[in-house]
1. Taking only protein heavy atoms and a 1.4 Å probe, what accessible area per residue, in Å², does the stretch 135-303 have with all protein chains in place?
2. State the extension gain, in nm to one decimal, for the chain segment bounded by Lys395 and Trp445, taking 0.36 nm per residue of separation less the distance between their alpha-carbons.
3. Skip the ligands, DNA and RNA, and give the accessible area per residue of the stretch 340-397 with a 1.4 Å probe, whole Å².
4. Under a crude label model (7 Å from the Cα following the beta-carbon direction), how far is Thr12 from Ala438 in nanometres?
5. For the stretch 434-507, what value does the Rg/Rh ratio take when both radii are computed over Cα atoms and Rh is the Kirkwood radius, given to two decimals?
6. Quick one: pull the percent of accessible area on the stretch 389-536 belonging to carbon and sulfur, 1.4 Å probe, ligands and nucleic acids left out.
7. Once you place label points 7 Å from the Cα toward the Cβ at Cys71 and Glu20, how far apart are they in nm?
8. Taking a ≥ b ≥ c as the square roots of the eigenvalues of the Cα gyration tensor of the stretch 100-177, is the shape rounded (a/c under 1.5), prolate (a/b larger than b/c) or oblate?
Amino acid sequence: RWPSLLKYYSHTDGVSWLEEYKARHNAGLEAQRIVASFSKRFFSEHVPCDGFSDIETLGCPSHFFEDELMCILNMEGRKGLTWKYYAKKILYFLRQQNILKNLKEYLQRPTDRQSFLEGAVLIDQYCNPLSDICLKSVQAQVDDITDKVRKVLRSKNPRHPSLASKAGEVLIPEVELQRQVLDAMNCVLYEQLKYKGNELDYYNSLNSYIHQVLIRRTGIPISLSVLYLTIARQLGVKLEPVNFPSHFLLRWCQGKEGSTDIFDYTYIDAFGKGKQLTVKECEYLIGHHVTEEFYGVVTSKEVLQRMVGNLLNLGKRESTDQSYQLLRDSLDLYLAMYPDNVQHLMLQARLYFHLGIWPEKVLDILQHIQALDPSQHGAVGYLVQHTLEHIERRKEEVGPEVKHRSDEKHKEVCFSIGLIMKHKRYGYNCVIYGWDPACMMGHEWIRNMNVHSLPHGPHQPFYNVLVEDGSCRYAAQENLEYNSEPREIPHPDIGRYFSEFTGIHYLANTELEIRYPEDLELTRATVQKIYSSGKE
């Protein structure tokens, strides 16, 4: 009945299954109640933060609650889209909270017990909490590569110490034997398995996620270095991470162990097919001279800091994701490691303020910044004032605006909520989730989008549409036409507005229907008229 929950039980435990069933049943009812309430409570909010606060005080076992959310997400068919949408948001939050707890526990361990691979997996899990990523499976894939390296080593040197069953627990002292390991690694990784640095799509976030590096066999210098270093250590070769500017490297000691002389090391570029570099060649790699401090070894925490820093920069570059999910996730990770970093606390406060989410948390962050650095009082004061105004405005908000088709001012609106449309000019497929009798955007947007060049300009109905590429757009009526081959629109926000896909059109959920009460009948009539005549 509950295969996903087996891991929570031991075969030797005496379990009262009736009590467990009752607990699971009650957790399921609680999960359904909360999910059902989210649409009504948070329809107008992109991130239902207040709802997450409620979930933190759950009175039922979290693994049972999660299991019910998974059941909702795995419901077959094209129904229950709104339930699935909010179940996904809640599950995302719950799993992230758990991963953050694991990360903090990891950071509290002694340095020698902080595996670089485990740290990379924790970052990967936090940014992809709905994916099935676990250290055990990632480690198994790394072990598989390690076994392939041993096979190559065996063909070159059958008596190599790395082939012993206890290899990896004891470091190999001889440099020549270490070299044989690295040569075998390069042969397997770059020649047999075709791993390579992703030069063509360097700024893709997938390059930073270790499970994606293993699937796609490509990455950036730091993710490939973590993989390379892990395999080397499992074979008895101690490589160390080097936080080299612009290009992460590993170092391999050729002299006395623990030497502080940078010339006693060879530097390895995992991004460049394991190429071994001198100090001078490292400088050629980035095109300028650097001081000795940049050749020093760094801790696992500093490696994670750089990995998260890369994701932060990618998050700032995002333009299509309106919720800035990657930026929010990477800020969470950075502040879990460095909770008193004023620069990143301020960035988080500004981001939440910009998105209009979690105003109470914004005030907490600003209070923390003020305590850490009183010189920030100007910026803090500005944000505090506007956040308090935002909280007051929320209290004064009246009910949703309702648009009736029968109103005279709406007589020019031809299309209705839930119809699958095609853009005449750009060819994209989309679904309508809102409309205005005329363009409601500001003068600057109208000018930038060259709306006045349209035959009817801004004085025509405009439609809010969810596009198949994941974006949301505002399209003029004259640019839209019925889609002759309607199909599902793979947009992450589809469940926020619609409860079901009928195969031809979408059905608005309760909250959207309240705002457009006369659209559903028109959509059905339109669909019947267009698609039944098409079949004839």
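1. Counting only protein heavy atoms, the per-residue value for the stretch 135-303 is 49 Å².
2. Contour length minus Cα-Cα distance gives 15.0 nm.
3. 58
4. Rounded to a tenth, the inter-label distance reads 7.8 nm.
5. Rg divided by Rh gives 1.01.
6. About 50 percent, which is the carbon plus sulfur part of the accessible surface.
7. 1.5
8. oblate
The values are calculated or read from the model by the stated rules, or taken from the named source; none is laboratory data. These figures come from a predicted structure and were not determined experimentally. So basically every Cβ, Gly included, is an ideal-geometry build from the backbone, and we count neighbours across all protein chains shown. When the accessible area is computed, the model is the full protein with side chains, heavy atoms only, and any ligands, DNA or RNA have been set aside. Shrake-Rupley method; radii C 1.70, N 1.55, O 1.52, S 1.80 Å.
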